[in-house]
Amino acid sequence: MIEARNLTKRYGGRTAVDGLSFTVRPGSVTGFLGPNGAGKSTTMRLALGLDTPTAGTVTVAGRRYGQLPAPLRDVGALLDARAVHGGRTVRRHLLGLARSHRIPDRRVDEVLGAAGLTAVADRRAKGLSLGMAQRLGIAAALLGDPGVLILDEPVNGLDTEGIRWIRTLLKSLAAQGRTVFLSSHLMSELELTADRIIVIGRGRLLADTDMRDFIETRSPDATLLRTPEPAPMRALLESHGAVVRPDPEGGWRVTGPTATAIGELAREHGLALHELTPCRSSLEDVYTELTGEAVEYRGTGNTDDKETQR
Ligand SMILES: Nc1ncnc2c1ncn2[C@@H]1O[C@H](COP(=O)(O)OP(=O)(O)OP(=O)(O)O)[C@@H](O)[C@H]1O
């Protein structure tokens, strides 16, 4: 469990994190989203005791990071995959970490295997590709078999196989009852991996919710429609308040009435339909809408507490 309460961090006159309160629960993968500069890395650094809050608190496994008796056993973190001692081999790097936390050497071989690094265990860390460095960072995070994982952009630099690997890994870690908290700008990937999301903008909470609810409750009703009678169909829909736009894939994308209402209207007016498909928005669609609104809203100097309470 990770708990932030009124967490605030100011750097000089700049507020990076602004009264954030949220709980990241065990048993789920929670995605952490926000535009560049929203405060995600700062929040993670505060949770990991790498910086001190200006106000408020953040605890991991019930304690502030500095109070954890064996931090690597409670929380595994990946912040900057390149922040390893380049001259050491992959295995030496992990052995050094393990020994300084009284973790048995055999655990190093386990995490090397789990991260797909056994074949490069004797290579120097500085010679690793970005994807391999990410895997090494994840291996290090897993070393203490922690109940909480905090990963900043773990998918960065991974190839298709690596992305699938990390998706499966994170889901299985959550299924074992661990708390998995990761930031990413890769929306389509996050949509597949995360069960919950926390969205921040300019240091403030915009949403903290179930992934499916987030997408479904914020998606406008949109329907893909094909008809052999386009002109009367379009006129009919527009006279009922629908917005009709050409869809890049052919046919029309209609927003406003539901697919059921469109079907009924077509029947009442004797118009033929060849396709009527309700369209689901993607995480990216809904996220873009939400954060766009937030930026616009903040431009007025106000804040939206209704949103932040979600
Ligand atoms: N050490 C620091 N000193 C001064 N300002 C900082 C420091 N660290 C972060 N900031 C500022 O705090 C704000 C939040 O930065 P942060 O890196 O946490 O955002 P982010 O959401 O992780 O962004 P990105 O998606 O680009 O990684 C930014 O305006 C950044 O410039």
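Select from the range 23-57 the residues that are under 12 Å from Ile200 (Cβ atoms), surrounded by fewer than 21 Cβ atoms within 10 Å (Cβ to Cβ) and in contact with a Leu (Cβ under 8 Å, 6 or more places away or on another chain) and list them in ascending order.
Ser41
Need pairs with beta-carbon distance below 7 Å; first residue within 9 Å of Leu224 (Cβ to Cβ) and within the range 235-264, second in a loop (DSSP other than H, G, I, E, B); sequence gap 6+ or separate chains.
Arg253/Asp247; Val254/Ala242
Out of the residues in the range 174-189 that are touching a residue at least 24 places away in the same chain (Cβ under 8 Å) and more than 16 Å from the chain's Cα centre (by Cα), which is surrounded by the fewest Cβ atoms within 10 Å (Cβ to Cβ)?
Gly177
Filter the range 6-35 for residues that are free of Cβ contacts under 8 Å to residues at least 40 places away in the same chain, within 9 Å of the ligand (Cβ to nearest atom), of a type outside the set (Ser, Thr, Tyr) and at negative phi and give the result.
Arg14, the sole residue that qualifies.
His185 versus (1) part of a strand (DSSP E or B); (2) within 16 Å of the ligand (Cβ to nearest atom); (3) not aromatic (Phe, Trp, Tyr): which is the lone unmet condition?
(1)
For the range 71-85, state whether one or more residues are basic (Lys, Arg), more than 16 Å from the ligand (Cβ to nearest atom), under 20 Å from Asp145 (Cβ atoms) and surrounded by 15 or more Cβ atoms within 10 Å (Cβ to Cβ).
Scanning the range 71-85, I find at least one residue that is basic (Lys, Arg), more than 16 Å from the ligand (Cβ to nearest atom), under 20 Å from Asp145 (Cβ atoms) and surrounded by 15 or more Cβ atoms within 10 Å (Cβ to Cβ), so the answer is yes.
For the range 36-70, how many residues are within 13 Å of the ligand (Cβ to nearest atom), touching a Gly at 6+ places or on another chain (Cβ under 6 Å) and assigned to a helix (DSSP H, G or I)?
1
The numbers here are math on the coordinates, done by the rules we state, and not lab data. Bear in mind that the values here come from a model prediction, so they are computed numbers and not experimental data. For neighbour counting, all protein chains shown are included, and Cβ atoms are generated from backbone atoms with ideal geometry for every residue, glycine included.
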